[in-house]
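Structure, as structure tokens:
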């Protein structure tokens, strides 16, 4: 069974959602991500840090109206890993591959 | 180890993961659907640019360009997300139509100003470009809405 494209770092539910939200975008603000995922600041920070550590995500800070805003975006490596992971998930849910999973 | 992890997950769980991916991608796209006011504003300003060029009032271009920048900033300011620049074939085709159309309308308006007058010829040219830009903006909006998979009112 071909499993090298399945990424355990991405597959955790919150990290999967972060990657899925960022995939069609250039970047998103931390507060927007938090609202979409419906998690606390600390939980989101923890997952962002984990994605950042493997080089899948990077953060940028900017100041607007005296308020600091943090933006997150997927790196090229992150986009590639996410695309491969989604492809692998699709392959695994395909009934043709299910019998091989059950074996 | 990874193999074992995957085998432990049922097909339903993997399908749930795929569903959550789709849901989040749609949520992201929903945030970047261009509003109607944005397309209308850019269309009006592009039309004004043509009308001013055709009327020979190029000293006012800078104000129109500043207004365009303000509209762009106003649109992206409170979104909290920025759109991924995706220069599709369609965008390239649209630009290939719009740029020559701009110059053709300016030249055309100047040529027929003797017939329609110095006011109506530039206004007509501006109106044509506004209409074209607005239709293109509606088309782009429609593409986003189809990708999101929902019809949403303003």
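The values are calculated or read from the model by the stated rules, or taken from the named source; none is laboratory data. Keep in mind that this is a model prediction, so the values were computed, not measured. All Cβ positions, glycine included, derive from the backbone under ideal geometry; neighbour counts span all protein chains shown.
Odds and ends about this structure:
- Scanning segment A:24-61 for residues that are more than 10 Å from chain B (Cβ to nearest Cβ), touching a helix residue (DSSP H, G or I) at 6+ places or on another chain (Cβ under 6 Å) and not in a helix (DSSP H, G or I) turns up A:54, A:55, A:56, A:57.
- Residue A:92 part of a helix (DSSP H, G or I) and within 14 Å of the chain's Cα centre (by Cα): no
- Taken as a whole, segment B:60-73 holds at least one residue that is within 14 Å of another protein chain (Cβ to nearest Cβ) and within 30 Å of residue A:28 (Cβ to Cβ).
- Residues in segment A:1-17 that are more than 8 Å from chain B (Cβ to nearest Cβ) and within 23 Å of residue B:83 (Cβ to Cβ): A:10, A:15.
- A count restricted to segment B:99-118 and to residues that are in contact (Cβ under 8 Å) with a residue 12 or more places away in the chain and either within 30 Å of residue A:79 (Cα to Cα) or loosely packed, with under 15 Cβ neighbours inside 10 Å (or both) stands at 1.
- Only listed residue being under 22 Å from residue B:25 (Cβ atoms) and at pLDDT 85 or above, chosen from B:139, B:134: B:139
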